[in-house]
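The values are calculated or read from the model by the stated rules, or taken from the named source; none is laboratory data. Just so we're clear, the structure is a prediction, and the values are computed from it rather than from any experiment. Here Cβ is always computed from backbone atoms with ideal geometry, including for glycine, and neighbour counts include all displayed protein chains. Just the protein is used for accessible areas: all its heavy atoms, side chains included, with ligands, DNA and RNA removed. Shrake-Rupley method; radii C 1.70, N 1.55, O 1.52, S 1.80 Å.
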Amino acid sequence: MKCYCCGEEMEPGVIQSAQEINWQSKKRLLNNSDLYDDAVCLSRRSFWKGSAVKAWLCRNCKKVVIDYADPDSDFNQKHSAE
Ligand SMILES: [Zn+2]
């Protein structure tokens, strides 16, 4: 994937957590996207594996991009389909 700022090739990688990884419009007490209409779940929490989402890094611009339109973006989503 090319960086949308500088056009350089981005490095593929992963962001992982023991909790759900999500986007929310503000910080909230409970970190659970099911509870909020505006939230976007990027990786479902798995009790055993935690959560992990594919992420692209640009070291030039210090930006990280998560393409959550990609069905393989959420590592837990991918494995739950197996
Ligand atoms: Zn860049």
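A cut-off of 5 Å between modelled amide H atoms, ignoring neighbours fewer than 5 places along the same chain, links Glu20 with Arg45.
Looking at the chain, the accessible area is 73 square angstrom per residue; that uses a 1.4 Å probe and ignores ligands, DNA and RNA.
For the chain, the relative contact order works out to 30 percent when only alpha carbon pairs closer than 8 Å and six or more residues apart are counted. Of the solvent-accessible surface of the chain, computed with a 1.4 Å probe and all protein chains present, 53% belongs to carbon and sulfur. Remark: the chain carries a charge dipole of roughly 380 debye about the Cα centre, counting +1 on each Lys and Arg Cβ and -1 on each Asp and Glu Cβ. Of all alpha-carbon pairs in the chain, indicate the percentage at a distance above 20 angstrom. Every Cα pair in the chain considered, those over 20 Å come to 39 percent. Backbone phi angles across the stretch 22-34, fed through the Karplus curve with coefficients 6.51, -1.76 and 1.60 (θ = phi - 60°), yield HN-Hα couplings of 8, 10, 9, 6, 7, 6, 10, 5, 9, 9, 9, 5, 5 Hz in residue order; Gly and Pro are listed as x.
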